[in-house]
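The values are calculated or read from the model by the stated rules, or taken from the named source; none is laboratory data. Just so it is clear, the structure is predicted and the values come from calculations on it, not from any experiment. Cβ placement follows ideal geometry from the backbone for every residue including glycine, while neighbour counts extend to all protein chains displayed. The protein model used for the area step is the full one, side chains on, heavy atoms only, and it has no ligands, DNA or RNA in it. Shrake-Rupley method; radii C 1.70, N 1.55, O 1.52, S 1.80 Å.
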Amino acid sequence: MISSELINSIWAPKAEQLGFLSPEMLDLIYLEKWFKLFVPKEMDGLGLTLPEALLLEEEIARLDASLGWTVTLCAGAGWFVGFMDKELSQEVFPDPKVCLAGSGFVGGKANRLGDTYQIEGSWTYASGALHATHFTANCEILENGNPILDKKGNSLVKAFILKKEEVEILDGWTYMGMVATGSHAFKAENLSVPINRIFELLPAQISRDEPVYRYPFLQFAEATLAVNLLGITEHLQELIREAFWRRNAYRNFAPKQLKYAKKMENKTAEKLESVRKKFYRQVESSWVELVKKGEISKKNLKEVSLASRKLTQICRDVNARMYPLAGLEAAKTHTELNRVWRDFNTVSQHALLTFPF
């Protein structure tokens, strides 16, 4: 793994100024094939299992939040290879720089006309948009201009793969943190695409045999996002501890204050490690069940969701408790500590993990 000092002293500040991952970061990603965590080895991917990928995503997020988040979101979109038309997959994924950005937002309409779909729409928060080779876009389905409804009477929604040259990126990421993710919006107008560009994340639509594509998308998404918050938290906690002891070097805190700080550090570290272990045990349990039985029980899936949400909640709690120990150093906008704090308090707002239940 690359030096964390190099990333946080040079690459990450540069990326934040650019508003997207630095060329050095992207070169590292392409070299390590991090955008292809779940892409089969036959397409020059890493072909990782979910537990393997989660450990790696945690480690990358600990190096830098924007780096980890972009890798996780783009690699997660690469997981869609297991649901796509095989001919299309062979066209898209062998590219060593392939990167899929996308949005879960249903922002478009796709009207089927014969063997093509006419697509119009705009989509928000596509992390990695500025260096993506393809985009995924959710659309309401129409046929000859008429809405198609599902069995429940709701608008039928399916996802499409769009090429970068087919969309226009809209500069819309103006938040205090995760600046280098470049999570911009994008739009398409009067775009005609062939019918094989469509895919659905349904068990019946799985086009490959690897177990990872049978892992339900909700829990897959929750777990991958949770380990990002964990990695960022581990980074932030380290920086807060360092900042406190630097303060002590010139403030000479009283013995009672030092005792309190040390107790807080120890309790926080123990709490975080305990919930981390429980999370990984639950994911491993679900993975073993999937491999052995071909599916995961509803009970086990519910436990994975709860473990992801509990991990996220603990990360929020420990960061809020420890943050005051860093002093005003944490409020200096040019520091690594402040950047990581802004990143955490931006990404932890993700709607998927808002509630602890």
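Points worth noting:
- For segment 9-32, filtering for residues that are buried (at least 19 other Cβ atoms within 10 Å of the Cβ) and either closer than 17 Å to Cys74 by Cβ or at pLDDT below 95 (or both) leaves 8.
- Residue satisfying all of: in segment 74-110; in contact with a helix residue (DSSP H, G or I) (Cβ under 8 Å, 6 or more places away or on another chain) and in a strand (DSSP E or B); most open to solvent (accessible area, probe 1.4 Å) among these: Gly102
- Residue check, Leu113 under 16 Å from Ile195 (Cβ atoms) and open to solvent by 60 Å² or more (accessible area, probe 1.4 Å): yes
- Residue list for segment 286-303, filter: surrounded by 15 or more Cβ atoms within 10 Å (Cβ to Cβ), assigned to a helix (DSSP H, G or I) and over 21 Å from the mean Cα position of the chain (by Cα): Glu289, Leu290, Asn300
- Residue within segment 248-261 that is part of a helix (DSSP H, G or I), touching a residue at least 24 places away in the same chain (Cβ under 8 Å) and either in contact with a Lys or Arg (Cβ under 9 Å, 6 or more places away or on another chain) or more than 19 Å from Met178 (Cα to Cα) (or both) present: yes
- Filtered by the rule that a residue be assigned to a strand (DSSP E or B) and among the small types (Gly, Ala, Ser), segment 158-189 gives Ala159, Ala185, Ala188.
- Residue check for Val283: open to solvent by 70 Å² or more (accessible area, probe 1.4 Å), under 30 Å from Arg208 (Cα atoms) and among the hydrophobic types (A, V, I, L, M, F, W, C): no
- Residue within segment 59-70 that is among the β-branched types (Val, Ile, Thr), under 12 Å from the mean Cα position of the chain (by Cα) and part of a helix (DSSP H, G or I) present: yes
- Of all residues in segment 316-340, those that are touching a Leu at 6+ places or on another chain (Cβ under 6 Å) and either closer than 19 Å to Thr70 by Cβ or loosely packed, with under 14 Cβ neighbours inside 10 Å (or both) total 1.
- Only one of Gln282, Gln313, Gln349 that is touching a residue at least 40 places away in the same chain (Cβ under 8 Å) and not charged (D, E, K, R): Gln313
- Meets criteria (under 30 Å from Pro13 (Cα atoms), within 15 Å of the chain's Cα centre (by Cα) and free of Cβ contacts under 8 Å to residues at least 60 places away in the same chain) for Ala132: yes
- Scanning segment 194-217 for residues that are more than 21 Å from the chain's Cα centre (by Cα) and either without any contact (Cβ under 8 Å) to a residue 12 or more places away in the chain or farther than 12 Å from Leu88 by Cα (or both) yields Pro203, Ala204, Gln205, Ile206, Arg208, Asp209, Glu210.
- Val193 vs. criteria outside any loop (DSSP other than H, G, I, E, B) and touching a helix residue (DSSP H, G or I) at 6+ places or on another chain (Cβ under 6 Å): no
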